[in-house]
Each structure stands twice: as C-alpha cells, then as structure tokens.
Amino acid sequence: AGLESRRVEAVATDGPHLLFGNTEGVFAVEPDAKPTQVLRDISVDRLVMLAPGICLAIGAKQISALRYDNGRWAEFTDRIPGIGFPYLVHRAKASAWIECGLNRVARISLRAGTIHTQIIETFPWKAMRWVNIGIIGDLVVLSGPANGRVFFDENTETFCEAPQIQNILQQSPHWLSRVAQDSTGTIWGSHERGVVRFIKSANGYFCDQTSFDLVRNR
C-alpha cells in the first residue's frame, strides 16, 4: 500500500479504513489506494479510534482529532497541547486513557466536538509507582502497588467503588497489573509471572489459573 518508504509510529483501523501516524502527521490508506496525508504539522505517536469515523491523533506536544465525512478523513476541531509522551494508550467506552509515568495518567475525551484532557496524579498510595490501566466494561481500572487500585466509571465520568469487580480480581493468586475484558465477557489479567483469566458462569466468575501456565513472563 505504499507504506514501505514511510516510518509508521501509530496505526488505527475502522472497518475498511486504515490510518497511520508518524512525525509528518497522519495518513489514510483506503483499499487499493496509496497513502493520502490527512493531517499535517503534527508529530503523532498514537492513534485511537474513539468511535466509528472518529480518531484521536495523540502526540507528545499536540493532540488532534479526525473525522470521516463525505468520503475523506479531516481534522474537525482545534488542537490542544500534549501531555508528554503517550507511552501506553487504552481505549475505554468514551475516551482514551494514557499511562504517562509514575503516579500519572491522562484521560482524553471529546465533548461537543472539543478535545478535553484530564490529568490524574493523586492516588490512595504514597509511593511513586507506575500506574497500569485496564478496561472492564464501562470501568477503567487503575492499578499501582499491591492492594492499590481505583476505579473510574465512564458513564458518570467519576471515580467509584466496584466491590464486585474487586472481589473477582482478588481471586488471582498474584497481584494483577492490567486487566481486559473480551467480547465473551471473559476477564483477562496480567501479573509478574504470566496471565490468568476469569470465566463467567451461572455462579459468577471463577479464576482459571492453570490454562496459560506456559506464559511465565510479565
């Protein structure tokens, strides 16, 4: 598709659409077509499809958004300053969450066509720890040191208690750093020695600790 001569830093897909980003901006690649530049004058490190036809372009210095309309991708809102290098980016129900560093995460969302950024740097634990992000349904799970975990509800856009999810995750024999839920409802968790999964049954979730014993890395 003509990508061979271009450095690719970020990739996002939406049905038949493919976007990739680099230090030059963002390029769109449609089926059987050469790349077309759709965003300029911005260095893009991550791309996140927030919704069909809506893509965030995240760079260390600037953040923008693209929309697919009338057969093409185009920037549709004012850019905002970046929040530093976006090391790991996760898509939640209505936003993108970024692991930024020690005791620092960011939430990026769109409201009435405007990009909003929320920086979170205050947590229940005092130690400076990397904050790992996970997504379970409408909940964003922020995990720090052992027994340090908080939840954010994407529907209310507030921090909340989640005792049911907390009880499920505590079935793991290891402290889980990141969690994710797949389309079947199964919850996956990663820890310093591998992965576990929580399988939904008529009696609730149970922790499968053995099926992936061959995975023994962080």
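The values are calculated or read from the model by the stated rules, or taken from the named source; none is laboratory data. Note that the structure is predicted; figures quoted are calculated from it, not measured. Glycine gets a Cβ as well: all are built from the backbone with ideal geometry, and neighbour counts include every protein chain shown. For the accessible areas, the whole protein counts, side chains as well, though only heavy atoms, and no ligand, DNA or RNA atoms are used. Shrake-Rupley method; radii C 1.70, N 1.55, O 1.52, S 1.80 Å.
Just to be sure I understand the filter: pairs with C-beta atoms under 8 Å, separated by 6 or more residues or on different chains, first member in region 25-42 and without any contact (Cβ under 8 Å) to a residue 24 or more places away in the chain and of a type in the set (D, E, K, R), second member open to solvent by 30 Å² or more (accessible area, probe 1.4 Å) and in a loop (DSSP other than H, G, I, E, B). Which pairs pass?
Glu30/Pro16; Arg40/Glu24
Among the numbered criteria (1) out of contact with any Leu (no Cβ under 6 Å at 6 or more places or on another chain); (2) under 24 Å from Ala106 (Cα atoms), which single criterion is violated by Pro173?
Tallying (1) out of contact with any Leu (no Cβ under 6 Å at 6 or more places or on another chain); (2) under 24 Å from Ala106 (Cα atoms), Pro173 fails exactly one: (2).
Among the residues of region 45-73 satisfying the criterion of being in contact with a Pro (Cβ under 6 Å, 6 or more places away or on another chain) and open to solvent by less than 40 Å² (accessible area, probe 1.4 Å), which is nearest to Ala92 (Cα to Cα)?
Ile58
For region 184-192, state whether one or more residues are loosely packed, with under 13 Cβ neighbours inside 10 Å, acidic (Asp, Glu) and over 16 Å from the mean Cα position of the chain (by Cα).
yes
Out of all the residues in region 186-218, which are modelled with pLDDT of 95 or more and not in a strand (DSSP E or B)?
Thr186
I'd like to check something: does region 150-158 contain any residue that is of a type in the set (Asp, Glu), in contact (Cβ under 8 Å) with a residue 60 or more places away in the chain and open to solvent by less than 60 Å² (accessible area, probe 1.4 Å)?
yes
Condition (residue is on the phi > 0 side of the Ramachandran plot, open to solvent by 10 Å² or more (accessible area, probe 1.4 Å) and out of contact with any strand residue (DSSP E or B) (no Cβ under 7 Å at 6 or more places or on another chain)) applied to region 121-142: is it met by at least one residue?
no
Give the residue, chosen from Asn155, Asn167, that is of a type in the set (S, T, N, Q) and part of a loop (DSSP other than H, G, I, E, B).
Asn155
Conditions tested, residue by residue: (1) outside any strand (DSSP E or B); (2) in contact with an Asp or Glu (Cβ under 7 Å, 6 or more places away or on another chain); (3) surrounded by 13 or more Cβ atoms within 10 Å (Cβ to Cβ).
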| residue | (1), (2), (3) |
| --- | --- |
| Val11 | no, no, yes |
| Leu18 | no, no, yes |
| Gly21 | no, yes, yes |
| Pro31 | yes, no, no |
| Ser43 | yes, no, yes |
| Pro86 | yes, yes, yes |
| Val89 | no, no, yes |
| Ile98 | no, no, yes |
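Looking at region 82-130 only, could you name the residues that are over 15 Å from Gln62 (Cα atoms), at pLDDT 95 or above, among the charged types (D, E, K, R) and within 16 Å of the chain's Cα centre (by Cα)?
Arg91, Glu99, Arg104
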